[in-house]
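Q: If you scroll down you'll find the structure; I have some questions about it.
The values are calculated or read from the model by the stated rules, or taken from the named source; none is laboratory data. No experiment lies behind these values; they were computed from the predicted model shown. With ideal geometry, Cβ positions are generated from the backbone for all residues, glycine too; neighbour counts draw on all protein chains shown. With ligands, DNA and RNA removed, areas are computed over all heavy atoms of the protein, side chains included. Shrake-Rupley method; radii C 1.70, N 1.55, O 1.52, S 1.80 Å.
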Amino acid sequence: MDSLARPYRSVLYIPGSKERALEKAQGLPTDAIIFDLEDAVAPEEKAAARALLAATLRTADYGRRARIVRVNGLDTDWGKADLAAFAHLPLDAILVPKVNSAADLDAVARLVPDQPLWAMMETARGMLNAAEIAAHPRLAGMVMGTNDLARELGSRNRADRLPMLPGLGLCLLAARAEGLVIVDGVYNAFKDEEGLRAECEQGRDMGFDGKTLIHPAQLEIANAGFAPSEAELTLARRQIEAFEVASAAGQGVAVLDGKIVENLHIVTAKAMLAKAEAIAAMAS
Ligand SMILES: CC(C)(COP(=O)(O)OP(=O)(O)OC[C@H]1O[C@@H](n2cnc3c(N)ncnc32)[C@H](O)[C@@H]1OP(=O)(O)O)[C@@H](O)C(=O)NCCC(=O)NCCSC(=O)C[C@H](O)C(=O)O
Ligand SMILES: [Mg+2]
């Protein structure tokens, strides 16, 4: 599946140390998986988790779900060995934690020349350098790390995420300027469905492709929140039809339900229909 057409509504973290969760994920309705070797794995479990994950990825069938491995940073005892273990496995990306600058990606890119890279955007410096990070030639996606960002900022957790908005906006702008995938941060209270639904709606309104998740119970809400609704799809089809009729009559603009429809709206409408098709393909 083409990476631009692939949906990323739900991106589930799985600790690389948890055998049962690694097995369970083969049947979960998630668009992508982040197999984590970083913060979800205790220092004493790092080496065993790396070996378990590499063996699992050689044999397990994760179907159409995107396979992304989050390694430890190169400034840790485990980063270099993590990259060596996953350099040649069939993955969709290596996710680099705590990226501060494009130079951080250069260092990883040299060690895994054949893998696309994704960047965790979760430091104050990373926010300020979002544009140069997004422009890195090997980068294909960004993931917001709102827990680490809140820690660095010293901000408080608020339902409206006011302290996060400058960073979220900067990274979105940078990702979209370079045509990258970008997914929102996690919602820690994994039993709070209403809170998660509200945060997915906020992320979708802002323009994120999807949300990172920590528990299977969060999948359904993210999948629904980041999929085009039936009303949006119906409007997209009607806009395309109205624009075709207007174009055939030699007009550059159509009017539908009292609103103008221009070519730029058709681009959005077609992208929405393509996304719906890609979502349907995930389920087939
Ligand atoms: C949060 C958890 C520790 C909860 O675990 P647990 O109490 O075991 O959950 P349940 O008993 O409710 O689990 C029910 C079944 O679901 C499976 N399960 C649980 N979590 C996952 C998962 N993430 N993926 C796949 N399957 C999962 C259990 O195995 C149970 O299966 P079964 O035996 O069939 O009943 C736990 O959910 C967890 O560890 N979550 C992931 C935490 C994680 O990865 N954290 C790091 C990423 S977040 C982060 O770092 C963000 C960023 O960097 C930032 O800065 O913001
Ligand atoms: Mg983090």
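Q: Residue 39 to residue 233: FRET efficiency via 1/(1 + (r/R0)^6), r the Cβ-Cβ distance, R0 41 Å, to the nearest 0.05?
A: Here the calculated transfer efficiency is 0.65.
Q: Report the convex hull volume per residue for segment 1-121, counting only C-alpha atoms, in Å³.
A: 102 Å³
Q: Can you give the net charge of the other residues whose Cβ lies under 11 Å from the Cβ of residue 197, counting K and R as +1 and D and E as -1?
A: Surrounding charge for residue 197 is -4.
Q: Please give the net charge around residue 235, taking every other residue with its beta carbon less than 13 angstrom from that of residue 235, where Lys and Arg add +1 and Asp and Glu add -1.
A: Its environment carries a net charge of 0.
Q: Suppose only helical runs count, i.e. DSSP H with n ≥ 4. What mean residue ellipticity at 222 nm does that imply for the chain under -39500 (n - 2.57) per run, divided by all residues and rounded to the nearest 500 deg cm²/dmol?
A: For the chain, the value works out to -14000 deg cm²/dmol.
Q: Based solely on C-alpha atoms, express the radius of gyration and the Dmax of the chain in angstrom.
A: Here Rg and the maximum Cα pair distance are 19.8, 70 Å.
Q: In Å², and per residue, what accessible area does the chain have when probed at 1.4 Å with the other protein chains present?
A: 48 Å²
Q: Relative to the Cα centre, what is the charge dipole magnitude of the chain, using +1 at the beta carbon of each Lys and Arg, -1 at the beta carbon of each Asp and Glu, and rounding to the nearest 20 debye?
A: The dipole of the chain has a size of about 200 debye.
Q: A further question follows. For residue 47 and residue 220, what is the calculated FRET efficiency with R₀ set at 41 Å and r taken between the beta-carbons, to the nearest 0.05?
A: FRET efficiency, residue 47 to residue 220: 0.70.
Q: Of the candidates 162, 173, 273, which one comes out as most mobile in a Gaussian network treatment of the chain with C-alpha springs shorter than 10 Å?
A: Maximum fluctuation in the GNM of the chain, among the listed residues, is at 162.
Q: Moving to a separate point now. What percent do you get for the relative contact order of the chain when only Cα pairs under 8 Å and 6+ apart count?
A: Relative contact order comes out at 16 percent.
Q: While we're on this one: In the Gaussian network model of the chain, springs joining C-alpha atoms below 10 Å, which of 261, 69, 108 carries the largest mean-square fluctuation?
A: 261
Q: For segment 1-64, just list the percent of Cα-Cα distances falling in each 10 Å bin from zero outward, please.
A: Cα pair-distance distribution for segment 1-64, in percent: 21, 50, 25, 4.
Q: If you don't mind, another one. Work from the charge dipole of the chain (Cβ charges, +1 for Lys and Arg, -1 for Asp and Glu, about the Cα centre) and give the residue of 190, 7, 121 farthest towards its positive end.
A: Towards the positive end, the residue furthest out is 7.
Q: Sticking with this structure for a sec: Nearest 0.05, what FRET efficiency do residue 197 and residue 241 give at R0 = 41 Å with Cβ-Cβ as r?
A: So, using R0 = 41 Å, E works out to roughly 0.80.
Q: Can you return the lysines within cross-link range of residue 46? Criterion is Cα-Cα under 22 Å, with same-chain partners fewer than 8 residues away left out.
A: Correct list for residue 46: 18, 24, 80, 98.
Q: Now, a different point. With Rg and the Kirkwood Rh both taken from Cα atoms, where does Rg over Rh land for segment 137-284?
A: Computed over Cα atoms, the ratio is 1.04.
Q: Something else about it: Please report the carbon-and-sulfur percent of the accessible area for segment 230-283; probe 1.4 Å, protein heavy atoms only, DNA, RNA and ligands left out.
A: Here carbon and sulfur together make up 59 percent of the probe-accessible area.
Q: Same structure, new question: Given labels modelled 7 Å from the Cα in the Cβ direction, how far is it in nm from residue 60 to residue 257?
A: Label-label distance for residue 60 and residue 257, simple model: 4.2 nm.
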